[in-house]
1. Restricting attention to region 192-209, and to residues there that are over 24 Å from residue 270 (Cβ atoms) and open to solvent by less than 50 Å² (accessible area, probe 1.4 Å), which single residue is farthest from the chain's Cα centre (by Cα)?
2. Go through region 89-115 residue by residue and tally those that are within 16 Å of the ligand (Cβ to nearest atom) and either of a type in the set (D, E, K, R) or open to solvent by 50 Å² or more (accessible area, probe 1.4 Å) (or both).
3. Of the numbered conditions (1) over 22 Å from residue 21 (Cβ atoms); (2) more than 15 Å from the ligand (Cβ to nearest atom); (3) surrounded by fewer than 16 Cβ atoms within 10 Å (Cβ to Cβ); (4) of a type outside the set (Asp, Glu), residue 186 satisfies every one except a single condition; which is it?
4. Which of the residues that make up region 116-135 are within 16 Å of the ligand (Cβ to nearest atom) and of a type in the set (Asp, Glu)?
5. Please count how many residues of region 234-257 are in contact (Cβ under 8 Å) with a residue 12 or more places away in the chain and open to solvent by less than 70 Å² (accessible area, probe 1.4 Å).
6. Restricting attention to region 130-160, report how many residues are touching a Phe, Trp or Tyr at 6+ places or on another chain (Cβ under 9 Å) and among the polar types (S, T, N, Q).
7. Residue by residue through region 136-149, note down the ones that are away from the ligand (no atom under 14 Å from the Cβ) and assigned to a strand (DSSP E or B).
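The values are calculated or read from the model by the stated rules, or taken from the named source; none is laboratory data. Worth saying up front: this structure is predicted, and the values here are computed from it rather than measured. Every residue, glycine as well, gets a Cβ built from its backbone with ideal geometry; the counts of neighbours run over all protein chains shown. These accessible areas exclude ligands, DNA and RNA; they are computed on the full protein's heavy atoms, side chains included. Shrake-Rupley method; radii C 1.70, N 1.55, O 1.52, S 1.80 Å.
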Amino acid sequence: MNFEPALSPKVESPPSWLILICGKQILVSQCSTEVLFPADSIESLNIVFQHRLGAVNQQHLDAVVIDNTEELSIEGWEWANLRDLLGVLHEPLFHLAGRALQFSYWDKTHQYCGQCGGATIPADEYRSRMCTRCELHFYPRLSPCVIGLIHDGKRCLLARNVRHPAGRFSTIAGFIEPGETAEQAFAREVREEVGVQVKNIRYAFSQPWPFPGQLMLGFYAEYAGGEIQVDNIEIIEADWFDIDNLPQTPPESTISGLLIREYVQKVREQK
Ligand SMILES: [Zn+2]
């Protein structure tokens, strides 16, 4: 599948494919293999929001939001939360669905201007909504986050978030604050959550996380000193783990799982 993003979100010609959204739910085939729905199989819909995402194999693809799942009941398709499709749906389709969901969430939460309270309208030529009174533009909201693996030779420092079940450990993560570089943000999050110092913070790769609009920037960092001291707010447990004796960690469909897997592979190759 080849996806080419549209330069403008304006729907100027009929789409071939739709990603259908209602609230936080997305229409998916019952075997969870498909989210691209053929546009010509729908006669009429009460559309709340329509936005051109781009083209799939040179055929137009739109995100379409409706406000009642009962309006669209099609055999072989069902409504599902995108989060439940992580690691189930083929990755390029998951990211397309995530893109559609983020645009729909942005549209829904930016109907009024934060500066003057005026109503906003889509600014057709840009991916933005514009205030009809003061003309301020509101772009799709992305929240940059840092996430990283702290390592010390064969050991990794992993932590258990308060929301995770006992025995499940992950990497350290948090939102970047205004004025920070991503590296500074990661060092601060590490200090706050597990109390240690890190050095040689190196960017690895990123992952969009559409719940509701994070961009996860993945890092590796070397342990530089300090004793583990958890904050007991976000992190309730943290420890060093040998790469040959890791606890339960997130799946590789998440950036955390991928950071851990790649580090383990790298250390094993160096042996
Ligand atoms: Zn305004």
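1. Only one residue fits best here, namely 195.
2. Residues in region 89-115 being within 16 Å of the ligand (Cβ to nearest atom) and either of a type in the set (D, E, K, R) or open to solvent by 50 Å² or more (accessible area, probe 1.4 Å) (or both): 5 in total.
3. Against the list (1) over 22 Å from residue 21 (Cβ atoms); (2) more than 15 Å from the ligand (Cβ to nearest atom); (3) surrounded by fewer than 16 Cβ atoms within 10 Å (Cβ to Cβ); (4) of a type outside the set (Asp, Glu), residue 186 comes up short only on (3).
4. The answer is 135, and nothing else.
5. Selection size over region 234-257: 16.
6. Residues flagged as touching a Phe, Trp or Tyr at 6+ places or on another chain (Cβ under 9 Å) and among the polar types (S, T, N, Q) within region 130-160 amount to 1.
7. 143, 144, 145, 146, 147, 148, 149
Yes or no, residue by residue, for (1) under 30 Å from residue 100 (Cβ atoms); (2) assigned to a strand (DSSP E or B); (3) open to solvent by 20 Å² or more (accessible area, probe 1.4 Å):
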{"site": "165", "(1), (2), (3)": "no, no, yes"}
{"site": "179", "(1), (2), (3)": "no, no, yes"}
{"site": "190", "(1), (2), (3)": "no, no, no"}
{"site": "229", "(1), (2), (3)": "no, no, yes"}
{"site": "259", "(1), (2), (3)": "yes, no, no"}
